[in-house]
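I have placed the structure first, in the form of structure tokens, so that the comments after it can refer back to it.
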Amino acid sequence: MLRKPVVLITGASGEIGHGLITSLAGRGDRRIVTLDVKALEPELARLVDQEIIGSILDTALLERFIAEYEVDLIFHLAALLSTRSEFTPIAAHQVNVEGTLHLLEFAQRQGESHGRPVVFLYPSSIAAYGLPNLEAKDRAGKVGEDEFNAPSTMYGCNKLYCEHLGRYYARHYKRLAPEILAGKVDFRAIRFPGLISAVTVPSGGTSDYAPEMIHAAAQGKPYACFARPDTRIPFMAMPDGVTALLALAAAPHGRLSRTVYNISAFNPSANEIESIVRLAFPGAAISYQIDARRQGILDSWPADVDDSAARHDWGFAPEYDLQRAFDGYLIPTIRQRYR
Ligand code: AKB
């Protein structure tokens, strides 16, 4: 029996999965199989060809998958985010690193069996950076992909290491074997800034103060922001994040000069976000209750990143700047959501 060609999305029930499934299903050019420990919301489940509920750590499950499907595109979204990972570093390592290793090995075996490279999209993060102190952060300006690669969180270490693992599979896999086995996995990573979605609320991240503030205000709930008002990191509206993943997936291999790309859209401080939220929701009850430990993580992330390689190599160009993200996407969609 012929195996069925599909795109595989792990961690599909998370925030990025939501937008990605909707976009991929809208195009209608690929069958979609998802893998997550959590069930998809019913309206998303209807858009996929098969929903598998299970763990990326379950190797028997991946074995069965190999026998049944021919995968040539993977979006490996499953991960524990930065704040949660600090509370459970071993679980974080298992999901974020061992899980990714399993998926890379799965992709390698898929590529070997059907003979085409498997395009492997990996959402990395600004957490892969580690600025030593606020003075260095202020001085650094737009940080390039190869600078300040000394993360100070478990999640950041996991992301940075998996970027290297992906590059190893793509370029050097089993380099001492008599036959050439590298190149079966076409690994492509994006270092995402904090993502802000109008339709989902994140959990377990450290950039969560921005989406939490907006969603709380829209619901008329008070919000105590855990970040200092002057905290500045890069952010992006979710639709641009999804478009970026799809654009990098579609880019001709020969145009890519690297395996890991920064992308960014805007980088307001926490109190700039607060001002915009107050304009949209005049009654918003926003206060600050700074969590010094989480603040330390935010202070180690860059205030801005240099995304010129992504713009040059695969045409990255975000549609939403700060004003447009709020006026044209977040505020109207969120208002609708909580009506
Ligand atoms: C987190 O805060 O952990 C994530 C991220 C920036 O990768 N949103």
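Coordinate-derived values only; no laboratory data. Remember, it's a predicted structure, so these values are computed and weren't measured experimentally. FYI the Cβ positions are ideal-geometry reconstructions off the backbone, even for glycines, and counts take in every protein chain you see.
Can you show me the helix-derived [θ] at 222 nm for the chain, built from DSSP H runs with n ≥ 4 at -39,500 (n - 2.57) apiece and divided by the number of residues, rounded to the nearest 500. Walk me through the intermediate numbers first.
Values: 14 runs with 135 residues, N = 339.
Theoretical 222 nm ellipticity from helices: -11500 deg cm²/dmol.
Can you give the direction-averaged projected area of the convex hull of the alpha-carbon atoms in segment 216-270, in nm²?
5.5 nm²
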Sticking to Cα atoms, compute the Rg of segment 1-102 to one decimal and its Dmax as the biggest Cα-Cα distance, whole number, in Å. 13.8, 46
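By average Cβ neighbour count within 10 Å, what is the ranking of 97-103, 202-208 from highest down? Please report the intermediate quantities before stating the final value.
Details: 97-103: 19.3, 202-208: 21.9.
Highest-to-lowest ranking by the protection proxy: 202-208, 97-103.
What does DSSP give for the chain in terms of the percent of beta bridges that are antiparallel, rounded to the nearest 5?
Working: 2 of 39 bridges.
Just about 5 percent of them are antiparallel.
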Apply the Karplus curve 6.51 cos²θ - 1.76 cosθ + 1.60, θ = phi - 60°, to the phi angles in segment 125-142 and return the couplings in whole Hz, x for Gly and Pro. 7, 4, 5, 5, 8, x, 7, x, 7, 5, 5, 5, 4, 5, 6, 5, x, 7
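Of all alpha-carbon pairs in segment 158-210, indicate the percentage at a distance above 14 angstrom.
Numbers: 888 of 1378 pairs.
More than 14 Å apart: 64 percent of the Cα pairs in segment 158-210.
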Round to a whole angstrom and tell me the spacing of the C-alpha centers of segment 79-157 and segment 316-339. 27 Å
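Can you give the net charge of the other residues whose Cβ lies under 10 Å from the Cβ of ALA198, counting K and R as +1 and D and E as -1? Let's see the in-between values first.
Values: positive: ARG335, ARG337; negative: none.
Neighbourhood net charge equals +2.
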Give, in nm to one decimal, the length gained when the segment between ARG171 and GLU68 is fully stretched (0.36 nm per residue of separation minus the Cα-Cα distance). 34.4 nm
Nearest-20 debye value, the chain charge dipole, Cβ charges on Lys, Arg, Asp, Glu: 320 debye
If R0 = 25 Å, then ASP321 and ARG278, at their Cβ-Cβ distance, give a FRET efficiency to the nearest 0.05 of 0.80
Roughly speaking, what is the stretch gain from ALA25 to HIS114, that is 0.36 nm per residue apart minus the C-alpha to C-alpha distance, in nm to one decimal? 29.6 nm
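Return the equivalent ellipsoid semi-axes of segment 1-49 as a descending list in whole Å, where each equals the square root of 5 times an eigenvalue of the C-alpha gyration tensor. Mind showing how you got there, number by number?
Numbers: eigenvalues 63, 32, 16 Å².
So the three semi-axes of segment 1-49 are 18, 13, 9 Å.
What is the sum of charges, Lys and Arg at +1 and Asp and Glu at -1, for the other residues whose Cβ falls under 13 Å from the Cβ of ALA251? Could the numbers behind the result be given before it?
Numbers: positive: ARG188, ARG255, ARG258, ARG311; negative: ASP186, ASP313.
Summing Lys and Arg as +1 and Asp and Glu as -1 gives +2.
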Mind telling me which of SER55, SER113, SER125 comes out most flexible in a GNM of the chain, alpha-carbon contacts under 10 Å? SER113
Would you kindly work out the equivalent ellipsoid of the chain from its C-alpha gyration tensor and give its semi-axes, the square roots of five times the eigenvalues, largest first in whole Å? 33, 23, 18
About its Cα centre, segment 1-137 carries a charge dipole, from +1 on Lys and Arg Cβ atoms and -1 on Asp and Glu Cβ atoms, whose size in debye to the nearest 20 is 240 debye
